[in-house]
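Beneath this line is the structure, given in C-alpha cells, with notes to follow.
The values are calculated or read from the model by the stated rules, or taken from the named source; none is laboratory data. All values derive from a computational prediction rather than experimental measurement. All Cβ positions, even for glycine, are placed from backbone atoms using ideal geometry, and neighbour counts span all protein chains on display. All accessible areas refer to the heavy atoms of the entire protein, side chains included, with ligands and DNA or RNA removed. Shrake-Rupley method; radii C 1.70, N 1.55, O 1.52, S 1.80 Å.
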Amino acid sequence: MSVEQSGRGRRRETVVRIGVLAWLTMVWLALWGDLSAANLLGGLVVAALIMLALPLPRVPVSGRLNPLPLVALIVASAYYALESSLQVAWFAIRPAPMPVSGVLRVYARTRSDLVLVLWTDVLNLIPGTMVLEIDRRRWVVYVHVLDVGSDAAVDKFYRITRRLERLMIDAFERPTGWPRSRTAALPEVPS
C-alpha cells in the first residue's frame, strides 16, 4: 500500500468516526428532546464513551459516494414507500379479501456487502415487503411481498427492486463497477 493510499484510508476512517460521533450525539439530543449546550456536551461525551467501549467492526468500503445517484435513490425510495403505504392502506379498507402474499427470490447483482445491506434495509422500509433471508454465499435475497396475486404485481416488485439496487450500486460502488463477467453470469430475474 502506498503512502498516499494509506493517508487516504486514514482520512476516510477519521471522517467515518466523526460521522458516527455526530450521529450518536444527534440520537442523544433527540432522546432528550432539548437542544442545549449541556445536552450537546453530554451527547458528545456519551457518544465518545460508546465508541471507545463498544467499537464497531471495520466494514471494508472500496467504493465512493456519488451524489447524483444518491439523490435519485432518496427520491425513488421515498416515492416507493409512499406508493406502497397507500396500497397497504387501500388493502386494509377495501371491501375485498386480502391479496395473495408470498415469498419471492431476488438475485443480487452487487458484490458489495455494504450495498447489499443498504439495499435490503431500503426494501424493509417499503410497506408490504420484508426481507426474510439473505443468502450471501449465493447472493440471493428472499423477500415476503404482500401482493403477489398477479403477474403484473410480481413484475412491478422485480422492477422496483432492480431499480433500487441499480441506484444503490451507482451511488455507493466504484465508478467502474464489478467486472462485467461476474455480473453477466448472474441469473436473470424470473419472469
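Here are some notes:
- Restricting the range 34-71 to residues that are surrounded by fewer than 15 Cβ atoms within 10 Å (Cβ to Cβ) and among the small types (Gly, Ala, Ser), the residue that is nearest to the chain's Cα centre (by Cα) is 62.
- The set of residues in the range 113-143 that are more than 21 Å from residue 85 (Cβ to Cβ) and out of contact with any helix residue (DSSP H, G or I) (no Cβ under 7 Å at 6 or more places or on another chain) comprises 113, 116, 117, 133, 135, 136, 137, 138, 139, 140, 142.
- Listed by first and then second residue, the pairs with beta-carbon distance under 6 Å, at least 6 apart or on different chains, first residue in the range 138-149 and of a type in the set (Val, Ile, Thr), second open to solvent by 40 Å² or more (accessible area, probe 1.4 Å), are 140/105; 140/107; 141/134; 148/100.
- Against the test of being open to solvent by 100 Å² or more (accessible area, probe 1.4 Å) and in the same structural domain as residue 115 (by the TED database), the options 74, 18 yield a single qualifying residue, 74.
- Any hit, the range 96-110, residues being open to solvent by 70 Å² or more (accessible area, probe 1.4 Å), touching a Phe, Trp or Tyr at 6+ places or on another chain (Cβ under 7 Å), modelled with pLDDT of 90 or more and not aliphatic (A, V, I, L, M): yes
- Members of the range 136-157 found to be open to solvent by 30 Å² or more (accessible area, probe 1.4 Å) and assigned to a strand (DSSP E or B), listed by number: 142, 144
- Residue within the range 34-45 that is modelled with pLDDT of 90 or more and of a type in the set (Val, Ile, Thr) present: yes
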